[in-house]
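The values are calculated or read from the model by the stated rules, or taken from the named source; none is laboratory data. As the structure is a computational prediction, the values presented were derived from the model and not from experiment. Glycine gets a Cβ as well: all are built from the backbone with ideal geometry, and neighbour counts include every protein chain shown. The accessibility values were calculated without ligands, DNA or RNA, using every heavy atom of the protein model including side chains. Shrake-Rupley method; radii C 1.70, N 1.55, O 1.52, S 1.80 Å.
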Amino acid sequence: MLTIQLPHTIDSDQQGFASLANIYQQVKPCQFETIQLDFQNTTWFDANMLAMLGAIMESAWTNDFDIVNLRPEQEKIFKKTRYSYFGGESLPDSYQTTVEYRKSKVSEIGSFEKYLEKKLLAHSKMPSMSALLRKKIKESILEIFNNARTHGKCKFVFSCGQYYPQKGRLDFTIVDIGNTIRKNVRDYSGRKVSGKKAIEWAVRENTTTRKDNIPGGLGFTLIRDFLRKNKGKIQITSADGYWFEKNDKSVSKKLDVFFKGTAVNLEFNINDTSSYCLSSEIEDMDIAF
Amino acid sequence: MERKTINIFDVVGGKAAVSTEDGDRLFETISAFLGKDFEVVLDFVNIETLTSTFLNAAIGQLYNKYDSPFLRKHLSTSNLQPEDKELMVKIIERAKEYFKDKENLEKDIREAFDDE
């Protein structure tokens, strides 16, 4: 039996991603074993980061996982998200601070879109955001889902979210255990690019690793444009790279541990009162094909 | 020139036009009518969610087959939400660059990575 001690906290930041990637590294070689995830020292676990823990447990599906020493308040939060380890058992979320954990087949973007509508945007604790802000949040998440499908070439996408009403933010994490951004950029460029450099390139405007007849390279640009206006944050972990952008400042770093997949955390400012008015109205007839 | 209006809600079966598959199906439909020299109108009435993935497949792909003057003459949109018009303009600009840039691919890669 393998016992893995979880750290003191798992936050939605570089350290949180690195700690979970470290768990991935430990479970990766195991087959048909019992793996104990010991939460004895863990006093905080951002619910949205369950998306990454779920993806890691799925990647090592031949093993039996035991979650032990989980504090009652943590267990409550995990169950409020209907985290699948508990077999879908759920607890009422009276303060409604979590967005349900979900393992989605990549082929089912339609039902993922409905999940976002029902579990995220119709959430009673969501402030009265403009319809356009809701639409932008949903479309940003769908762009990431599509990226996982097109570039990750994976079977499932894992997602989970948490509201922080007092901080006025919503964190939503999407994870796939598929081709990393580094692998895609290496295959495309024929160069031995680092994980950090690969993410930097992938998030630039108009870059894509597609070589077929469907153009790409806009998804991250649209999300970055929106999150800049929204004063939100985006973080990406893939292979041995980590990158984030907040307040017009982007930073990339090398992770000491390798994660064979891609995790994206989107942090939305839900108190955003921007009207998202467009600078100039475009008429249908003005669209110049 | 005969006119064909394609209702996007009908093509995708709902208010969300988000997947590559649906975009690809729309591309095939548009291509079929353009091939018969129809004037095609894309009606986005009641479409509430739209992604770049869908539009890249549906519209971006057309630029591999047709040039801009041809599409300008044969293709138009109606009932796009104001913010979606902005997205459509970006998709079109990107598609034009994408097919042009394919020739400059190696140069771009050298510039981006040769200091690695």
Cβ pairs under 7 Å, 6+ apart, first in the range A:204-220 and farther than 19 Å from A:I141 by Cβ and more than 7 Å from chain B (Cβ to nearest Cβ), second open to solvent by 10 Å² or more (accessible area, probe 1.4 Å) and in a loop (DSSP other than H, G, I, E, B): A:T207/A:G217; A:T208/A:G217
Single residue of A:S140, A:S90, A:S107 found to be in a loop (DSSP other than H, G, I, E, B) and either among the aromatic types (F, W, Y) or closer than 29 Å to A:R182 by Cα (or both): A:S107
All positions within the range B:57-69 that are in contact (Cβ under 8 Å) with a residue 24 or more places away in the chain and more than 7 Å from every other protein chain (Cβ to nearest Cβ): B:A58, B:I59, B:L62, B:Y63, B:K65, B:Y66
Residue in the range A:106-123 that is closer than 22 Å to B:K85 by Cα, of a type in the set (S, T, Y) and within 13 Å of chain B (Cβ to nearest Cβ) present: no
Odd one out for B:E111, checked against (1) within 28 Å of A:W201 (Cβ to Cβ); (2) among the acidic types (D, E); (3) surrounded by 17 or more Cβ atoms within 10 Å (Cβ to Cβ): (3)
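Quick one: which of A:A131, A:A122, A:A148 is in contact with a strand residue (DSSP E or B) (Cβ under 8 Å, 6 or more places away or on another chain) and closer than 20 Å to B:L50 by Cα?
Numbers: A:A131 fails: in contact with a strand residue (DSSP E or B) (Cβ under 8 Å, 6 or more places away or on another chain); A:A122 fails: in contact with a strand residue (DSSP E or B) (Cβ under 8 Å, 6 or more places away or on another chain).
Exactly one of A:A131, A:A122, A:A148 is in contact with a strand residue (DSSP E or B) (Cβ under 8 Å, 6 or more places away or on another chain) and closer than 20 Å to B:L50 by Cα, namely A:A148.
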Single residue of the range B:82-103 satisfying the filter (in contact with a Phe, Trp or Tyr (Cβ under 8 Å, 6 or more places away or on another chain) and more than 7 Å from chain A (Cβ to nearest Cβ)) that is modelled with the lowest pLDDT: B:F99
B:K73 being of a type in the set (K, R), within 9 Å of another protein chain (Cβ to nearest Cβ), open to solvent by less than 30 Å² (accessible area, probe 1.4 Å) and part of a helix (DSSP H, G or I): no
Whichever residue in the range A:222-232 is more than 8 Å from chain B (Cβ to nearest Cβ) and surrounded by fewer than 20 Cβ atoms within 10 Å (Cβ to Cβ) and, among such residues, is nearest to B:L87 (Cα to Cα): A:D225
Enumeration of residues in the range A:151-205 that are of a type in the set (S, T, Y) and either open to solvent by 10 Å² or more (accessible area, probe 1.4 Å) or more than 30 Å from A:K80 (Cα to Cα) (or both): A:Y164, A:T180, A:Y188, A:S189, A:S194
Number of the condition not met by A:A198 [criteria: (1) touching a strand residue (DSSP E or B) at 6+ places or on another chain (Cβ under 8 Å); (2) closer than 13 Å to A:H151 by Cβ; (3) more than 10 Å from every other protein chain (Cβ to nearest Cβ)]: (3)
A:Y24 vs. criteria under 20 Å from A:I174 (Cα atoms), in contact with a Ser or Thr (Cβ under 9 Å, 6 or more places away or on another chain) and surrounded by fewer than 19 Cβ atoms within 10 Å (Cβ to Cβ): no
Test set (1) modelled with pLDDT of 95 or more; (2) at negative phi - A:N271 fails condition number: (1)
Matching residues in the range A:8-19 - criterion: being in contact (Cβ under 8 Å) with a residue 60 or more places away in the chain, part of a helix (DSSP H, G or I) and buried (at least 21 other Cβ atoms within 10 Å of the Cβ): A:F17
Unique match (being in contact with a Ser or Thr (Cβ under 7 Å, 6 or more places away or on another chain) and closer than 19 Å to B:A95 by Cβ) among B:V40, B:V18: B:V18
Close pairs from the range B:28-49: first over 30 Å from A:R134 (Cβ atoms), partner open to solvent by 50 Å² or more (accessible area, probe 1.4 Å) and in a helix (DSSP H, G or I), Cβ under 7 Å, at least 6 apart: B:V40/B:F33
Residue check for A:R149: within 13 Å of chain B (Cβ to nearest Cβ) and more than 28 Å from A:Y115 (Cα to Cα): no
Single unsatisfied condition, B:I47 versus (1) more than 9 Å from every other protein chain (Cβ to nearest Cβ); (2) of a type in the set (V, I, T); (3) assigned to a helix (DSSP H, G or I): (3)
Evaluation of A:F289 against (1) more than 9 Å from chain B (Cβ to nearest Cβ); (2) surrounded by 20 or more Cβ atoms within 10 Å (Cβ to Cβ); (3) closer than 16 Å to B:I91 by Cα (one fails), failing number: (1)
